[in-house]
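Some notes on the structure that comes next.
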Amino acid sequence: MPQIAQLTADNWYLASQLFWLLVIFASVYVVIGRGMLPKIEATVDARDRKVAGDLAAAKSAHAAADALEESYRQKNDAARADAQRVVTEAKDAAARDAEKRLAVIDAELAQKLASAEQEISAARTSAMAEVESVAAEAATDLVAKLSGVTVEQADAQQAVKAVIRG
Amino acid sequence: MAAESGKIDPMHQFEVAPIGSGFDLGGQEIMFTNSALWMAVAAILLAVFMIGGMKRQLVPGRWQAAVEGFTNFIAGMTTQSIGSEGRKYTPYVFSLFMFILFCNLVGMLPLGVFGLHPFTATSHLAVTGVLALLSFSIVLIVGFWKHGLHFFSLFVPQGTPKVMLPLIVPIEFFSFMIRPFSLALRLFVAMTAGHLLLKVLSSFVISGFNADTLWLGSIVSVLSFTLMIGITALELLVAGIQAYVFALLTSLYINDAVNLH
């Protein structure tokens, strides 16, 4: 068995094998273990850091978006409430305005009605007075034609008044 | 493989043969061997694999993702078993894991078809032993460096009754000292046994077809070949698992040294 045979004292290849093993393994350790491995690990670490950083950035962006949405919603709600208030106020104002105008028109109409009634009653009294005087004249004429008695204007008027007024 | 007088020697694949001339180092002649060649091949393939993962893109391609999968795997293993200090030991554990894995896998390459015979360096106890001793010395150095003589409290599990100490401490000490051997033997035995089994089965395939009674030999050959396919898949699994076990145990032992239980 060559593996065991080389462990005996007078073996020619044990020393060569150990020498080359040490040389080759040492160069593997120096070149690959110490030279290349840290660079690859650095790449991996950089990638891990980048991924973690990107994830954190995405998280904070998400939170910012949420906050923005929340503030937008609040503003929206406030604006809506404001609009509602303005509309109500305008409605109230319009209603009040209409009421006021209606009241003014009502008052005007009432005034017109009153003056018209007044005119009518004035016209009626004056008409009445004319009727009385006409009736008195007619009565005087009638009396004069029928009896030939001349009645005083004033008496005739009084008598007519008494008949008309009841 | 080398069939001398028609026999197939399953141990031949573990023979070390010199390639080219050697040089002298402190009275010992150092030769470049097939073992060294295939270790170098594994190291170069590993380097090529790693360079493919060095594009350092933010969004990794397939190759880069594969390399980063390996580095993350080992980094996760060290940080999980050692804790926050584990990152310091990642380069060593990573080199160990990848080197063993590539040596195991290179040894499984079916290059024998082209006349190239891959040598599985990890099937040699000397190689696995050196790697295990490296891990063990790191444990010792880190342990004594960080904790000084307090490191010996590793042999006294928490809550041991004083009466039991004379019994427990030798057991703990023994299990601690056996670690490099178990570490080295596990990998060496797994790789050797697997390769032996494959070689023996493949020799059955060949000698079955060469048998005098061809129909019986053919049955043996076909059965052996079917079995070989399964065992080859199993061996690929073992190649990964043994590298993983070696690295995992190393990081667990380093955890003992860093955190003392």
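No value in this document is a laboratory result; all are computed from the given coordinates. Quantities reported herein were computed from a predicted structural model and do not represent experimental measurements. Note that each Cβ is placed from the backbone with ideal geometry, even for glycine, and that neighbours are counted across all protein chains shown.
Listed values, structure above:
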{"read-out": "Kirkwood-Stokes translational diffusion coefficient of chain B, alpha-carbon pairs, 10 °C, 1.306 mPa s, µm²/s", "value": "75 µm²/s"}
{"read-out": "Volume of the Cα convex hull of the stretch B:54-111, divided per residue and given in Å³", "value": "103 Å³"}
{"read-out": "Farthest toward positive dipole pole in the stretch B:125-255 [+1 Lys/Arg, -1 Asp/Glu at C-beta], among B:193, B:238, B:131", "value": "B:131"}
{"read-out": "Alpha carbon convex hull of chain A, projected area averaged over orientations, nm²", "value": "25.8 nm²"}
{"read-out": "Net dipole in debye of the stretch A:1-109 [+1 Lys, Arg Cβ; -1 Asp, Glu Cβ; about Cα centre; nearest 20]", "value": "440 debye"}
{"read-out": "Debye, to nearest 20: dipole size of chain B, +1 on Lys, Arg Cβ, -1 on Asp, Glu Cβ", "value": "820 debye"}
{"read-out": "Cα-based Kirkwood hydrodynamic radius, the protein assembly as shown, one decimal, Å", "value": "31.2 Å"}
{"read-out": "Electrostatic dipole magnitude of the protein assembly as shown [Cβ: Lys, Arg +1; Asp, Glu -1; Cα centre; debye, to 20]", "value": "1700 debye"}
{"read-out": "Order of B:58, B:260 - criterion: other Cβ atoms within 10 Å of each residue's Cβ, fewest first", "value": "B:58, B:260"}
{"read-out": "Ratio of the Cα radius of gyration of the stretch B:1-93 to 2.2 N^0.38 Å, where N counts its residues", "value": "1.66"}
{"read-out": "Neighbourhood charge, 14 Å Cβ-Cβ cut-off, centred on residue B:52 and excluding it, Lys, Arg +1 and Asp, Glu -1", "value": "+3"}
{"read-out": "Inter-label distance, nm, simple model (7 Å from Cα along the C-beta direction), residue A:60/residue B:156", "value": "5.3 nm"}
{"read-out": "Summed residue charge, Cβ within 15 Å of residue A:85's Cβ, Lys/Arg positive, Asp/Glu negative", "value": "-2"}
{"read-out": "Projected area, mean over directions - the stretch B:148-261, Cα convex hull, nm²", "value": "10.1 nm²"}
{"read-out": "Two-decimal Rg/Rh across the stretch B:198-261, once Rg and the Kirkwood Rh are taken from alpha-carbon atoms", "value": "1.43"}
